[in-house]
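Only the coordinates and a few stated rules stand behind these numbers; no lab work does. Worth saying up front: this structure is predicted, and the values here are computed from it rather than measured. Positions of Cβ are backbone-derived with ideal geometry, glycine not excepted, and every protein chain shown enters the neighbour counts.
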């Protein structure tokens, strides 16, 4: 029986995969931040503190798996160790690195694969204090949603747009291939094996809404050929009959669909207004199983109504454009639901939180929530907030940092 099962964005969360950021973030410097896809550098200590609060809230709702823990487990298996070392060698073409990895304990190897290994430079490099990595770190690994998505009982491994994230594909593939806690029906799409340059797909653009309905974003990170291929696969091997496509503008503020839209309840989603309402709204396409064409919808919300999935919007940033822009940049649209109507958000986005309160949500901070017993009462819409001043510098929010493995049907 598959241990993974996700058919929605809001069903009660039963298990989730996260990664607590660590020393791999120290590789991001003013000189390397562009290479590692960062707009700013992050204080590791504060980021870990913020992420720990996120993990503690998640544990009140379901089982939380840590990438590092699962990776240590699979590295105790000779076949998994051989797989990871071989994939690393295929990428780096270094016999020295391969021999180094083979001699390590599971703990040491897991640490090295995540945090990277600095190489000892020669005389010139030492004189210039110009060190480098023999095995690159994975400073984006705490954005676990980018790398993988569960659709029904199937797993999608992302094919990452930027080469700085190749090791994340490899590590995630190993976890789903070898760890018994992540047993699944099959790999629906394996981005770790994708070598075509125009086939890129990232999890921030893939939103399972219903067992027969998928929402995706065409973005700078997820290409049209990959989205068509994903449609073909889900139509053939899952119950999905309809795919709605939001054509993103290719701007830094909208690298993924979940930076401008996420669902938080059965009938409600938070959205960045300029991209969904008015003359600047984004194009939205609808592809159906069995059809070899797509048709364009008036907007996302009308497209969803056409497949009997009406959602009401909560406006990111409220009614004022400047605040909308500021809070969208601060990941105000990037929430993760832990059950219908209960979601986690950064506490910094006050105007968006005020919009939730206008819609009947109770807004409570994580510290207060964790001090009391139990979960919100059935039917009580709640936003649980936590500090994210450092985490947000990485360019993502709670949805980016969580890969749901199992949810109840909503």
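Worth a mention:
One line per residue, one yes/no per condition, for (1) in a helix (DSSP H, G or I); (2) in contact (Cβ under 8 Å) with a residue 40 or more places away in the chain; (3) in contact with a helix residue (DSSP H, G or I) (Cβ under 8 Å, 6 or more places away or on another chain); (4) closer than 30 Å to residue 368 by Cβ:
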position: 21; (1), (2), (3), (4): no, yes, yes, yes
position: 33; (1), (2), (3), (4): no, no, no, no
position: 41; (1), (2), (3), (4): no, yes, yes, no
position: 81; (1), (2), (3), (4): yes, no, yes, no
position: 110; (1), (2), (3), (4): yes, yes, yes, no
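- When the strands (runs of 3 or more DSSP E) confined to region 327-383 are screened for residues that are free of Cβ contacts under 8 Å to residues at least 60 places away in the same chain and farther than 18 Å from residue 313 by Cα, those reaching at least 1 such residues are found at 342-346, 362-365.
- Within region 69-79, the set of residues being closer than 30 Å to residue 370 by Cβ and either surrounded by 20 or more Cβ atoms within 10 Å (Cβ to Cβ) or in contact with a strand residue (DSSP E or B) (Cβ under 6 Å, 6 or more places away or on another chain) (or both) comprises 70, 71.
- Scanning region 296-324 for residues that are in a helix (DSSP H, G or I) and touching a residue at least 40 places away in the same chain (Cβ under 8 Å) gives 300, 303, 304, 321, 324.
- Verdict on residue 101 being without any contact (Cβ under 8 Å) to a residue 60 or more places away in the chain, touching a strand residue (DSSP E or B) at 6+ places or on another chain (Cβ under 7 Å) and either part of a helix (DSSP H, G or I) or surrounded by fewer than 17 Cβ atoms within 10 Å (Cβ to Cβ) (or both): no
- Counting only residues that are more than 19 Å from the chain's Cα centre (by Cα), closer than 20 Å to residue 404 by Cβ and in a loop (DSSP other than H, G, I, E, B), region 203-243 holds 5 of them.
- Residue that is farthest from residue 46 (Cα to Cα) [pool: residues in region 346-368 that are surrounded by 19 or more Cβ atoms within 10 Å (Cβ to Cβ) and in contact with a helix residue (DSSP H, G or I) (Cβ under 7 Å, 6 or more places away or on another chain)]: 352
- Members of region 145-166 found to be under 22 Å from residue 81 (Cβ atoms), touching a strand residue (DSSP E or B) at 6+ places or on another chain (Cβ under 8 Å) and part of a helix (DSSP H, G or I), listed by number: 147
- Checking each residue in region 245-261 for being touching a residue at least 12 places away in the same chain (Cβ under 8 Å), outside any helix (DSSP H, G or I) and surrounded by fewer than 23 Cβ atoms within 10 Å (Cβ to Cβ) picks out 247, 249, 250.
- Scanning region 221-241 for residues that are surrounded by 19 or more Cβ atoms within 10 Å (Cβ to Cβ) and either more than 17 Å from residue 151 (Cα to Cα) or in contact with a helix residue (DSSP H, G or I) (Cβ under 9 Å, 6 or more places away or on another chain) (or both) gives 221, 222, 223, 226, 227, 240.
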